[in-house]
Amino acid sequence: MAIIDDFLEILNEDDSQLDYFINYSLDNSLPFIWHPLGFIVCKIASNNDQNLRLHIWPKNGGKEQEPCWLIHNHIFSFQSWVLNGKVENIEYRLDYNNSEYCIYEASYSKNRSLLSKTNIEVSIHETQRYIVQRGDKYNISASVFHESKSVGNDIAVTVLHTIDSSKNNPRVIGDITGKENYRYERQQLTKEEIRYEIYKI
């Protein structure tokens, strides 16, 4: 926990610590993983129910896997610091009285994630939309359905502090006519790929 507190102190003192977190990840040979939604994830620190993760959002969408359904919730609440670029966050309210989409539940096994279709059908309504600039931060509660994406000309880089607050599986808003299951691979980047993506920042 001490190391997470140390990192949070750095972030709260100066939100522009881009080089510090990139270099820490590289110097400690931490793995960088392609998330199915196309961005790169590096877990910087972990302790019980808390994690600190570095996210890099390539401008070309990265390695998105299909279907790329962006609207989801989490098992954790989080605070995110934008160290570079801009991030747009959109939050939604679910309406269980209409049937435009279907809820999928996510599960994980090693380097794979699986989406499984439920019998819950919903419609969605946007509740708020905002852009977070470099040097700012935002918060999302575990129960909130949202989507976040990089906007603007610069590659977005964020640091995410998560605190687990739910034992339920995370959920994704998917196509009502979608298949029963979808499998995604979480591929680790090679050292050359990491340096190439970081060089573009």
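How many residues are crowded, with 17+ Cβ neighbours inside 10 Å and under 16 Å from the mean Cα position of the chain (by Cα) when one looks only at the stretch 116-136?
Selection size over the stretch 116-136: 1.
Which of the residues spanning the stretch 157-201 are aromatic (Phe, Trp, Tyr), out of contact with any strand residue (DSSP E or B) (no Cβ under 7 Å at 6 or more places or on another chain) and surrounded by 11 or more Cβ atoms within 10 Å (Cβ to Cβ)?
Tyr196, the sole residue that qualifies.
Here are the criteria: (1) in a strand (DSSP E or B); (2) farther than 30 Å from Asn12 by Cα. Tell me which single one Asn168 does not satisfy.
(1)
For a quick check of your reading of the model, give me the residue pairs whose first member lies in the stretch 147-172 and is of a type outside the set (Phe, Trp, Tyr), whose second is in a strand (DSSP E or B) and loosely packed, with under 14 Cβ neighbours inside 10 Å, with beta-carbon atoms closer than 7 Å and at least 6 apart or on different chains.
Val151/Ile131; Asn169/Ser107
Quick one: is Arg93 more than 13 Å from the chain's Cα centre (by Cα), farther than 24 Å from Asn181 by Cα, in a strand (DSSP E or B) and of a type outside the set (A, V, I, L, M, F, W, C)?
Considered against the rule, which asks whether it is more than 13 Å from the chain's Cα centre (by Cα), farther than 24 Å from Asn181 by Cα, in a strand (DSSP E or B) and of a type outside the set (A, V, I, L, M, F, W, C), Arg93 comes out as yes.
Could you give me the residue pairs with C-beta distances under 9 Å whose first residue belongs to the stretch 183-197 and is more than 15 Å from Val41 (Cβ to Cβ) and at pLDDT 95 or above, whose second residue is surrounded by 11 or more Cβ atoms within 10 Å (Cβ to Cβ) and not aliphatic (A, V, I, L, M) wherever it lies, and which are 6+ apart or on separate chains?
From the stretch 183-197, the pairs are Arg183/Arg112; Arg183/Ser113.
Do we have Asn48 as in contact with an Asp or Glu (Cβ under 9 Å, 6 or more places away or on another chain), surrounded by fewer than 17 Cβ atoms within 10 Å (Cβ to Cβ), within 30 Å of Glu180 (Cα to Cα) and touching a residue at least 24 places away in the same chain (Cβ under 8 Å) here?
Here the answer is no, as Asn48 does not meet what is asked.
Being closer than 22 Å to Asp5 by Cα and part of a loop (DSSP other than H, G, I, E, B) is the filter here, so list the residues in the stretch 33-72 that pass it.
Those that are closer than 22 Å to Asp5 by Cα and part of a loop (DSSP other than H, G, I, E, B): Asn48, Asp49.
Go through the stretch 51-72 and report how many residues are farther than 15 Å from Arg186 by Cα and without any contact (Cβ under 8 Å) to a residue 12 or more places away in the chain.
The number of residues fulfilling the criteria is 1.
Pick from the stretch 79-90 the residues that are part of a strand (DSSP E or B) and crowded, with 21+ Cβ neighbours inside 10 Å: which of them is nearest to the chain's Cα centre (by Cα)?
Ser80
The values are calculated or read from the model by the stated rules, or taken from the named source; none is laboratory data. Because the structure is a prediction, the values reported are computed rather than measured. Cβ coordinates were reconstructed from backbone atoms using ideal geometry, including for glycine residues, and neighbour counts include every protein chain displayed.
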